[in-house]
C-alpha cells in the first residue's frame, strides 16, 4: 500500500499577496540589524573617546600639588577636585593629617575655602555639604561639595584653593 501526501504549491508574489520570505532573506535582515547595532556602538564609543580627548584634563596620573604651609596650618592635604553632577557641583577631597587642626578647619562653616578658576574670572565658595561635628580619623579621606556657581570651574582646567590667606595653586580639576 502506498499513500500519497499532497503538498500545496507556493503562491508567487502577485496581486493576491506576497510570497513567504525565504530563509536567506531572513538571515540577511538579521545581519543588517546586527551590523547597524555594531555601527551605532562604534560611533558612541568614538564619541565618548573624542569628548574625553577634547576635555584634556582627565589624566588621573597628573599629581595634585601640595602646600606644606596649608597642610601644617589646616591639618589636611587636598587630594582631588572634580566637577560632578552634570557640571553643577564640585567635590574637593582631602586627607586628614592632623585630627585637631582638621576638626577646626571643618568647623569653620562661615569661611569655607574659595575655589578660583585659573582660566577665567570665576570662583565659588558656596559649600552645599560640609562635613562637621563628626570624629575625624588621621589618614581618612573626606570631602566638601560646592555649588559650581555659574559654571566657574570646568574639567581639564586648574584651580587655586584659598583659605585664611593660604593658597594652593595649579590643582587639576577632573
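One residue is enough: does the stretch 117-124 have a residue meeting the conditions within 20 Å of residue 69 (Cα to Cα) and loosely packed, with under 14 Cβ neighbours inside 10 Å? No: the stretch 117-124 contains no residue that is within 20 Å of residue 69 (Cα to Cα) and loosely packed, with under 14 Cβ neighbours inside 10 Å.
Only strands (runs of 3 or more DSSP E) whose full extent lies in the stretch 90-174 are considered here, and the ones with at least 3 residues that are touching a helix residue (DSSP H, G or I) at 6+ places or on another chain (Cβ under 9 Å) are 166-172.
If you go through the stretch 134-145 one residue at a time, do you hit one that is farther than 24 Å from residue 99 by Cβ, buried (at least 18 other Cβ atoms within 10 Å of the Cβ) and either modelled with pLDDT of 90 or more or within 22 Å of the chain's Cα centre (by Cα) (or both)? Within the stretch 134-145 (the criterion being farther than 24 Å from residue 99 by Cβ, buried (at least 18 other Cβ atoms within 10 Å of the Cβ) and either modelled with pLDDT of 90 or more or within 22 Å of the chain's Cα centre (by Cα) (or both)), the answer is no, since none of the residues qualifies.
The residues in the stretch 47-76 that are modelled with pLDDT of 65 or more and in a helix (DSSP H, G or I) can be counted, and the count is 8.
The values are calculated or read from the model by the stated rules, or taken from the named source; none is laboratory data. Quick caveat: nothing in here was measured; it's all calculated off a predicted structure. Glycine gets a Cβ as well: all are built from the backbone with ideal geometry, and neighbour counts include every protein chain shown.
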